[in-house]
Each structure stands twice: as structure tokens, then as C-alpha cells.
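Visitor: The following block contains the structure, expressed as C-alpha cells.
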Amino acid sequence: MAVTTKIVEKMDELPPASSLALYVDVNSYFDSLRALVDIFATKNDLYVFYISSTIPSRNIVGIFELLGIDTARVFFVDTISHLMPVEKEMSDKFLYIESPTMLENVMLKVEYLLRKYRNKKTLVILDSVNSMAIHNDLKILSEFLHIFVTTLRSWEAYMVILSLQEQTTPEIRNMLNFVTDDSLEVGGVSQ
Amino acid sequence: MASQTRERCMTGIEGLDYILNGGIPRGNTVLITGSCGTGKTTLSLEFLVHGALWGERSMYISVTEAPEKLVENMIIYEFFDRKLITEKKMILVDLQEIYVKLGLEKLEFTLEDVNVLVSQIVKMVKELDVKRLVIDSITSICYRLTSKEQIREFILHLGKELSDLGCTTFLVSELLPSAQGYSQYGVEEAIADGIILLGNMERRGDLLRTLQVIKMRGTTHSRAKYVLDLTSIGVLLAPLLKGGSVEVR
């Protein structure tokens, strides 16, 4: 089964307010984004709040444009661009956080978007837990994800946490098993 | 025995009202304390704007900022409406003008001067039926008082009169980053009904703005520390993650 179909079918099974740990291999990464942002979100009329900690948000927009994905309803909480000398556009579309270690500010920026677009149904994507784990101790990251997922549940938002299979340690897997409602492996070798 | 809960004055800052189990008990005098740049004025203005929007006349007595500048600070709020000012639902007062009117243009106040000042503030609150008051800052008024007894008398007298009028008051208190305790003179914190401490916290080189309710008479409340963000839709709060933070203030 195609990666996009597999992800969309899984998401369709989940009720709103659900959280999913999505393990993808490098080859499935772009198809996963297409499945979530383009197919699932469009089909369900969802706003997408995209937390980028791996690739700067401007680059992700570039990728989406190449893939032909409409970004009109995608809003970024960018934790990585501040660390790099890249041009930053300040708007609601791109909210910047000084560092991926400022986890409370990630919650606050997403809450800002949830409040601002409170009449919209939303999908929150964290891309990725692996890059967050580079910058944060797993203990504080677990605490963050636990509170964050619980908060998003109260907003009836879908939450998808991306984890690259090649970089997923047993500790990260245990953490995601604990905080999310369900998980899905696409591409690579299932564990 | 039926439990008696005091009427609440919701701040309109959802996270803070949640921490306070529904808001500030009406009539309380609350010290909003912290060092510069921690969000004291912003938080106080939001408290007033929400009150004015809900039909509670609000007054801001400023020592340091001109009213025009304060309006400029408020127009960033998506929920702010200039009509609140023009229709006098929110009143901005320059304390210097009160000093001039009362002949209090001096560096040190006597106890009599203090009473004159309190009477004037109470008179304005009464005549205009003000339900929310912010004095920014109480520290600059206390600077003119010559003893802790005078400071004590001033805050006690003011708090009592305003409480009797059902006016919920924020007294903005400036702290030095190196200060111990919750107020400049050590007296304000003991007399106020509530203390909301705003600060800066360092964690691995990141500086986070924090808020903590230290005390609030008349309600149970969380005493945990929260991280705050100042946004165009108002102050937002998130729980502080426990990660070996160091207080900077």
C-alpha cells in the first residue's frame, strides 16, 4: 500500500483530539507530509500548525511548493531559523522561537494560533521529535510532550509527532508510546 | 454549612483566571511585582481593557507613561477599541496632574499629604464608579514617603477605601533584579491581599518570562510558576517545565 494511502487511512480511523506517533524513513518523509498536509487536512478542512525543528519553515514552504501542496492554511512555529542566518518573515504565518529548547514557547505559540483561529479544526504536526531530542534532555521533552498532547486534546486538535526511523532510539519510542494514542510505521522496517 | 465564595473579578487573562480558580476576589488589592521588562504594565493594561469591554469602568493612574503612549501600547491588542477611551469606559490619568492639582509637587510627603492623595484617588473612583484600578507604579509614590509606617498607612488606607467601593486594584511594584522579597520596601507585600510575581528565568541560556501567584486572599490558587507570552491576543500562559531553571528576576 502506498505511504500516503496508509497514513490517510490511519488518520481517518482516529477521532479528533487524537495523537499519533508517525515513524517514517527518509524515503517516505515527503510522501508523509503530502498525506498529512495535502490530502488529510484538505479533505477534513483542517488548519495545519506545523512545528519545524528539523528544517527551517521557509525551506518547508519551498518543498511544499515543489510538491504542489497549497500552503494557504499552513502556519509555522519555527524553532530552528533563529539559530541560522536565514531571512525571516514576521507574520502569523511564521512564528519564530529563539531555540528548540524553549519548549514552553512552542506550547504558547501553538496556543496563540489555536486561539486566533479557534473556529477552525486543526492538525498540529511536530517535525520532528528526533531533532527536538538533539536539543533537549529526554526527561524535559517527555514532560513537554505529555502536557502538550493533553492540551491539544482539550482543543480537539489532531496531533502527529514525526519520528525518523533511522534516528528513533528505544527511549524515544518508549516516550512516544507513553504520550500518544496510537502509532504508525511507514516505509523501512516495522518494529 | 454552605460554603461562601467571594464574587470574582475575572482578569480576562484566561490562564490567570484559571490559576486563580475563577479570578481575583472582588475588592482585593493586588501587588503586581517584578523587575523591568517582565510584563507588569502589559498585564495590568489587559486587565483594565477586559474590564472596560465587560462594562466595568477602569482607570489607570500612571506615574511614568504619558496617556498617549499607553494608548499606543494598547492598540496592538486585537480586542482593544479606542472607543473605550473616548467613551470614558477606560480612563487614563497622569499622576503628575493630580500632584499639581493637590499642590503635592514635592519630593517628600507628610502623613497629611498621603491622606490627601488617598482621598483624591478614592474620590475619583467613587465619582466615576471605577471598578478596576491600576496604579503604575506604587513604588514611585512610596519613594516620596519617608518611613515604612507611612507606606503601610498609605497602602492600608487606600486598599480599605477601594475595597469598600468594590474596586479591584492592581498596585504595580518595581523590583530590582537583585532584590530579595516581593517589593521594594518590604511593606507593600505584607499589606496587599495578593501578590503576582513576574520575573525572568534562565534555563541553559534561554530567558523565559514567568508568572507566579504568591498569595491571593479569598481564593485557593495555584502557586506554580508559569511561562508567559505577550501576544496581540493578550497574555498567554503555559506551565513551566521542570528543567533545572535558574531564577534571574
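Visitor: Which ³J(HN,Hα) values in Hz, rounded to whole numbers, follow from the phi angles of the range A:99-106 under the Karplus curve 6.51 cos²θ - 1.76 cosθ + 1.60, where θ = phi - 60° and Gly and Pro get x?
Guide: Those phi angles translate into 7, x, 7, 8, 5, 4, 5, 5 Hz.
Visitor: Just need the relative contact order of chain B here, percent rounded to a whole number, with Cα pairs under 8 Å and 6+ apart.
Guide: 28
Visitor: Right, next: Note the per residue figure in Å³ for the convex hull of the C-alpha positions in the range B:2-197.
Guide: It comes to 130 Å³ per residue, whole-number rounded.
Visitor: Along the charge dipole of chain A, which of A:27, A:136, A:146 sits closest to the positive end, that is, farthest toward it, with unit charges on the beta carbon of Lys, Arg, Asp and Glu (+1, +1, -1, -1)?
Guide: Result: A:146.
Visitor: Just want the answer: with Cβ charges of +1 for Lys and Arg and -1 for Asp and Glu, which residue in B:20, A:53, A:90 is farthest toward the dipole's positive end in the protein assembly as shown?
Guide: Checked the options; the winner is B:20.
Visitor: Counting pairwise Cα distances across the range A:53-138, what percent come out greater than 16 angstrom?
Guide: In whole percent, the long-distance tail amounts to 54.
Visitor: Report the far tail of the P(r) of the range A:97-191, meaning the percent of Cα-Cα pairs longer than 15 Å.
Guide: 61
Visitor: Follow-up. Can you give the % of DSSP beta bridges in the protein assembly as shown that are antiparallel, to the nearest 5?
Guide: Roughly 30 percent of the DSSP beta bridges within the protein assembly as shown come out antiparallel.
Visitor: Mind checking the log10 I(q)/I(0) for the protein assembly as shown at q = 0.09, 0.11 Å⁻¹? Debye, one equal scatterer per Cα, no solvent, two decimals.
Guide: -0.65, -0.88
Visitor: A further question follows. When the helix-only estimate is applied to chain B (DSSP H runs of n ≥ 4, each -39,500 (n - 2.57), divided by the residue count), what is the mean residue ellipticity at 222 nm, nearest 500 deg cm²/dmol?
Guide: The per-residue figure over chain B is -9500 deg cm²/dmol.
Visitor: Using alpha carbons only, how many angstrom separate the centre of the range B:8-22 from the centre of the range A:58-85?
Guide: Using only Cα atoms, the two centres lie 36 Å from each other.
Visitor: Where both residues lie in the range A:3-183, what percent of DSSP beta bridges are antiparallel, nearest 5?
Guide: 5
Visitor: Another one. Would you mind giving the mean number of other chain beta-carbons within 10 Å of the Cβ of each residue in B:199-206, as a whole number?
Guide: 3
Visitor: Please work out the FRET efficiency for the pair residue B:53 and residue A:174, using the Cβ-Cβ distance as r and a Förster radius of 56 Å; give the result to the nearest 0.05.
Guide: 0.75
Visitor: Out of A:175, A:84, A:107, any idea which swings most in a Gaussian network model of chain A, alpha carbons joined below 10 Å?
Guide: A:84
Visitor: Do the alpha carbons of any pairs in A:93/B:69; B:126/B:148; A:93/A:116; A:93/A:121 sit beyond 21 Å of each other, and which pairs?
Guide: In this structure, A:93/B:69; B:126/B:148 lie more than 21 Å apart at Cα.
Visitor: Along the positive direction of the dipole of the range B:2-197 (beta-carbon charges: Lys, Arg +1; Asp, Glu -1; about the Cα centre), which of B:47, B:162, B:93 reaches farthest?
Guide: Farthest along the dipole direction, towards plus: B:162.
Visitor: Taking the Cα centre of the range A:3-183 as the origin, how large is its charge dipole in debye, to the nearest 20, when only Lys and Arg (+1) and Asp and Glu (-1) carry charge on their Cβ atoms?
Guide: Dipole about the Cα centre, nearest 20: 440 debye.
Visitor: Based only on Cα atoms, what Rg/Rh ratio does the range A:3-183 have, Rh being taken as Kirkwood's radius?
Guide: That ratio equals 0.92.
Visitor: Treating only the Cβ atoms of Lys and Arg (+1) and Asp and Glu (-1) as charged, compute the dipole magnitude of the range B:65-199 about its Cα centre; round to the nearest 20 debye.
Guide: With only Lys, Arg, Asp and Glu charged at Cβ, the dipole is about 220 debye.
Visitor: Calculate the dipole size of the protein assembly as shown relative to its Cα centre from +1 charges on Lys and Arg beta carbons and -1 charges on Asp and Glu beta carbons; express the result in debye to the nearest 20.
Guide: 820
Visitor: Once you put a point 7 Å from the Cα of residue B:147 and another 7 Å from the Cα of residue B:180, both along the Cβ direction, what distance in nm separates them?
Guide: 2.4
Visitor: Ok, one more. Where does chain A land at 222 nm, in deg cm²/dmol rounded to the nearest 500, when only DSSP H runs of n ≥ 4 count, each adding -39500 (n - 2.57), divided by all residues?
Guide: The helix contribution divided over chain A gives -12000 deg cm²/dmol.
Visitor: For chain B, with a Gaussian network of springs between Cα atoms less than 10 Å apart, report the residue from B:81, B:94, B:164 with the top mean-square fluctuation.
Guide: Of the options given, B:164 has the highest mean-square fluctuation.
Visitor: Please average, across the residues of A:98-104, the number of beta carbons from any other chain that are within 10 Å of each residue's own beta carbon, and give a whole number.
Guide: 6
Visitor: Please state, to two decimals, what the Cα-based radius of gyration of the range A:152-191 comes to when divided by 2.2 N^0.38 Å (N = residues).
Guide: Dividing the Cα Rg of the range A:152-191 by 2.2 N^0.38 Å gives 1.28.
Visitor: Here's something else I'd like to know. Would you give the gap between the C-alpha center of the range A:109-125 and the C-alpha center of the range B:125-141, rounded to a whole Å?
Guide: For the range A:109-125 versus the range B:125-141, the Cα centre distance is 36 Å.
Visitor: Averaged across B:223-230, how many Cβ atoms of other chains sit within 10 Å of each residue's Cβ atom?
Guide: Mean number of neighbouring Cβ atoms from other chains: 2.
FYI, it's all coordinate maths here, none of it is from the lab. Source: prediction; values computed, not measured. Backbone-built Cβ (ideal geometry, glycine too); neighbour counts: all protein chains shown.
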